[in-house]
Amino acid sequence: MALRDTSPPESAGPRPRTAPALDAADRGRLLSGAHHDPHALLGAHPVPGGILFRALRPFADAVSVLIDGDPTPLMSEGDGLFAVVLPLAAVPAYTLLVAYEGAEHKVDDPYRFLPALGDLDLHLIREGRHEELWTALGAEPMAHQGVIGTRFTVWAPNAQGVRVAGDFCFWDGTAFPMRSLGSSGVWELFLPGIGEGARYKFEITSRHGHRFLKADPMARRAEVPPDTASIVHTSHYEWADEEWMAHRGDVPVHVAPFSVYEVHLPSWRPGLTYRQLAEELPPYVSELGFTHVEFMPVAQHPFSGSWGYQVTGFYAVTSRLGTPDDFKFLVDALHRAGIGVIVDWVPAHFPKDDWALGRFDGEPLYEPGDSRRAEHPDWGTYEFDFGRVEVRNFLVANATYWCEEFHVDGLRVDAVASMLYLDYSRDSGQWTPNVFGGREDLDAMAFLQEMNATVYRRNPGVVTIAEESTAWEGVTRPTDSGGLGFGLKWNMGWMHDSLQYIAKEPVHRKYHHHEMTFSMVYAYSENYILPISHDEVVHGKRALVSKMPGDWWQRRADHRAYLGFMWAHPGKQLLFMGQEFAQGAEWSESEGPEWWLLDPGYASAGDHRGVRDLVRDLNTVYRATPALWERDTDPAGFRWVVGDAADDNVFAFLRHDAQGAPLLAVSNFSPVVRHDYPLAVPGDAPAWREVLNTDAERYGGGGVVRSAPVVAEQGRLRLTLPPLATVWLTPSSV
């Protein structure tokens, strides 16, 4: 009897065989998330006798490799590993068929793909010169080798291993270990089928074996706090601000009108989203006549009470108010209304939350390794390591990111002084001098210079603004002349001195007269902004109108007179929301401005509306009068007329535009009317007329105004000065 041939027919395909066992050490590192090259173990690889297919799919019932539509089961190796060797001459095109509880899922194998990050990107990252870092690191939806998915990349040079965990794998990163891309410190993994909206974090195993989840430092979108995951995002926004972007740099900012309304977006109108704010904020700001808005930090931050100044997601807008595209919609709406957008940017420090940047890969990474340098003594946060090129790159690229991705027109850099001084808020023994024995932080200086030079080179028309509270020389001097390279600087000295003066009872102001004139000693040492910011109306400092002495009428009059003096003084202006209508209470981030003060049914609504009308008119006349802004940085644009009338509480000065046309500003900070007050004026101006008077009845004043021109006699005007008021006059034909 002949024996029957039991070998499979040729159509059954190649006979699979058991895969060689993984090296025990490799297997252990792979399963523990500590392997630097999982692609060498997983995927498809030539081996003696064929092609080895290996997959890591925890909790799967079965895994098959699918070639030309034919499935071949992989054999379980335990712990979620499945493998088989097929007698093939080359790695074929294939997919995986993964079964969970009876349901089969056809998926592409992440470990069959080449790196989705190029050598040039890695070279620039190593050099710290990748000016578009957000295009290389983070989560990037893309087509790679003909397959749609998301490339995940993260810088974690001290990690033993990194894995991707997310809602697509029940936050278990075991199946998705990333590969190290050599000396760059970057880890990479392309995940097919993962797209926009997926939530993820990086599961990092430190060199000490500790494992923890971290949000993506480069995430462009994040969950709404208190949730902390990063979200895969691609922008689909189509901008409509081409005209604005094309012309915003036509006139340099220091010779242009620049009047800023500072806004805390979550509380300006509590409960509104970015898109809802786009309906209300642009017309309001336009009506008031401000040229720009400045947003307190809009980057992702976990604690609302920080007002955004403790950032955990430097590349993501805060998700409390909507998506990144929603924020773009708001910026676009402001641009189409002719309003520039400045955002507060916080590179000085970051919070210690264990899921964020702090000790990111188990070691000090974004912060210095020296604990004396790492801790910010005032805020309980970490400082950035400005001496590390990758950290500087992270921040410099972030500055350009806001300008390029969100079309913002300026960055106001917070807490610059805390960056510049090694001994900032530190006692003796708590800091180490620089190589020259000084207290200047040379690395921070170099970073700020690099940031400013890069932003200005890449983004014509953008302005950077320093909140720098010391007398550091050259903050707004160009970097090629040794300066820090900012366009503008907050004049904290003027703010402090003038608020101290105006808070005094008028009878005592003569003893503090110099506090209003001293600013002109240094007014042209930098390009200045005069800021009455959020910092001046919180924490017991009182709102602006409440700083003033006297009864309600006097406080409002002082408030109006002060704003008139401020708008006429050399330098640009910034006013925080609520101060434009003399809100009496301090600002609260949970409640925002007291809009009800303007309601017609409120008994004193007219008082507050009057102040708001004044701010509108200040901006209107200011923008129409080049003398008030064209020569802000030129000493020839200013001349004292009366600077020493301490007993009278009077200040008078001339501003001139580039053609020499003058504006006369006179402030009387005394509660009495001064009749026939003599003022020397240019002889070629025979008459002067009021163009603004803060005592006008429509502003809530006493109505000591003059509608007819005042004739100068032998170069001298005699004016009636209203009490607690500022008057602006320009030459007029009789």
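The values are calculated or read from the model by the stated rules, or taken from the named source; none is laboratory data. A quick note: this is a predicted structure, and the numbers were derived from the prediction, not measured. Cβ placement follows ideal geometry from the backbone for every residue including glycine, while neighbour counts extend to all protein chains displayed. Side chains included, ligands, DNA and RNA excluded: accessible areas come from the protein's heavy atoms. Shrake-Rupley method; radii C 1.70, N 1.55, O 1.52, S 1.80 Å.
For (1) open to solvent by less than 30 Å² (accessible area, probe 1.4 Å); (2) closer than 18 Å to ALA417 by Cβ, each residue gets a yes or a no:
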{"residue": "LEU484", "(1), (2)": "yes, yes"}
{"residue": "ASP497", "(1), (2)": "no, yes"}
{"residue": "GLN500", "(1), (2)": "no, no"}
{"residue": "LYS510", "(1), (2)": "no, no"}
{"residue": "GLU515", "(1), (2)": "yes, no"}
{"residue": "VAL545", "(1), (2)": "yes, no"}
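When region 628-650 is filtered for residues that are charged (D, E, K, R) and under 23 Å from HIS508 (Cβ atoms), the ones remaining, listed by number, are ASP644, ASP647, ASP648.
So that you can scan it fast, the table gives a plain yes or no per residue for (1) in contact (Cβ under 8 Å) with a residue 24 or more places away in the chain; (2) under 16 Å from the mean Cα position of the chain (by Cα):
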{"site": "GLU280", "(1), (2)": "no, no"}
{"site": "TYR284", "(1), (2)": "no, no"}
{"site": "PRO302", "(1), (2)": "yes, yes"}
{"site": "VAL317", "(1), (2)": "yes, yes"}
{"site": "LEU330", "(1), (2)": "yes, yes"}
{"site": "ASP344", "(1), (2)": "yes, yes"}
{"site": "ASP353", "(1), (2)": "yes, no"}
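Here is the figure for region 196-254: residues that are crowded, with 16+ Cβ neighbours inside 10 Å and not aromatic (Phe, Trp, Tyr) total 30. Looking across region 56-94 at every residue that is under 43 Å from the mean Cα position of the chain (by Cα) and closer than 16 Å to LEU42 by Cβ, the one that is least open to solvent (accessible area, probe 1.4 Å) is identified as LEU56.
Taken together, the residues in region 427-450 that are part of a loop (DSSP other than H, G, I, E, B), open to solvent by less than 30 Å² (accessible area, probe 1.4 Å) and closer than 24 Å to ASN491 by Cα amount to 1. Scan region 360-379 for residues that are of a type outside the set (D, E, K, R) and at pLDDT below 90 and the total you get is 5. Taking residues in region 663-681 that are at pLDDT 95 or above and among the β-branched types (Val, Ile, Thr), and partners anywhere that are open to solvent by less than 60 Å² (accessible area, probe 1.4 Å) and part of a strand (DSSP E or B), the pairs with Cβ atoms closer than 6 Å and at least 6 places apart or on different chains are VAL666/ALA652; VAL666/VAL727.
Each residue in region 114-140 was checked for being more than 24 Å from the chain's Cα centre (by Cα) and either open to solvent by 20 Å² or more (accessible area, probe 1.4 Å) or farther than 24 Å from PHE314 by Cα (or both), and 9 pass. Do we find a residue being part of a strand (DSSP E or B) and either under 24 Å from GLY33 (Cα atoms) or not hydroxyl-bearing (Ser, Thr, Tyr) (or both) anywhere in region 118-128? No, every residue in region 118-128 fails to be part of a strand (DSSP E or B) and either under 24 Å from GLY33 (Cα atoms) or not hydroxyl-bearing (Ser, Thr, Tyr) (or both). Of the residues making up region 177-208, those that are in contact with a Ser or Thr (Cβ under 8 Å, 6 or more places away or on another chain) and either over 12 Å from HIS39 (Cα atoms) or of a type in the set (Phe, Trp, Tyr) (or both) are VAL186, TRP187, PHE190, LEU191, ILE194, GLY195, GLU196, ALA198, ARG199, TYR200, LYS201, THR205.
The requirement of being modelled with pLDDT of 95 or more, within 27 Å of GLY308 (Cα to Cα) and either β-branched (Val, Ile, Thr) or open to solvent by less than 10 Å² (accessible area, probe 1.4 Å) (or both) is satisfied by GLU580. Annotation: GLU404 fulfils all but one of (1) in contact with a helix residue (DSSP H, G or I) (Cβ under 6 Å, 6 or more places away or on another chain); (2) open to solvent by 10 Å² or more (accessible area, probe 1.4 Å); (3) under 30 Å from TRP244 (Cα atoms); the unmet one is (1). Taking each residue of region 495-522 that is without any contact (Cβ under 8 Å) to a residue 24 or more places away in the chain and more than 13 Å from SER667 (Cβ to Cβ) and looking for partners that are open to solvent by less than 40 Å² (accessible area, probe 1.4 Å) and in a loop (DSSP other than H, G, I, E, B) with beta-carbon atoms closer than 8 Å, six or more apart or interchain, yields nothing. Can you tell me which residue among GLY485, GLY493 is touching a helix residue (DSSP H, G or I) at 6+ places or on another chain (Cβ under 8 Å), modelled with pLDDT of 95 or more and either assigned to a loop (DSSP other than H, G, I, E, B) or within 27 Å of PHE406 (Cβ to Cβ) (or both)? Criteria check complete, one pass: GLY485. Look at (1) hydrophobic (A, V, I, L, M, F, W, C); (2) crowded, with 20+ Cβ neighbours inside 10 Å; (3) assigned to a helix (DSSP H, G or I) and you find that ALA453 fails only one, number (2).
The residue of region 42-55 that is most open to solvent (accessible area, probe 1.4 Å), among those that are in contact (Cβ under 8 Å) with a residue 40 or more places away in the chain and over 13 Å from VAL98 (Cα atoms), is PRO46.
Could you say whether any residue in region 589-605 is on the phi > 0 side of the Ramachandran plot and of a type outside the set (Phe, Trp, Tyr)?
The answer is yes, given that some residue of region 589-605 is on the phi > 0 side of the Ramachandran plot and of a type outside the set (Phe, Trp, Tyr).
Taking the criterion of being of a type in the set (S, T, N, Q) and open to solvent by 50 Å² or more (accessible area, probe 1.4 Å), the residues of region 676-729 that qualify are SER707, GLN714, THR720.
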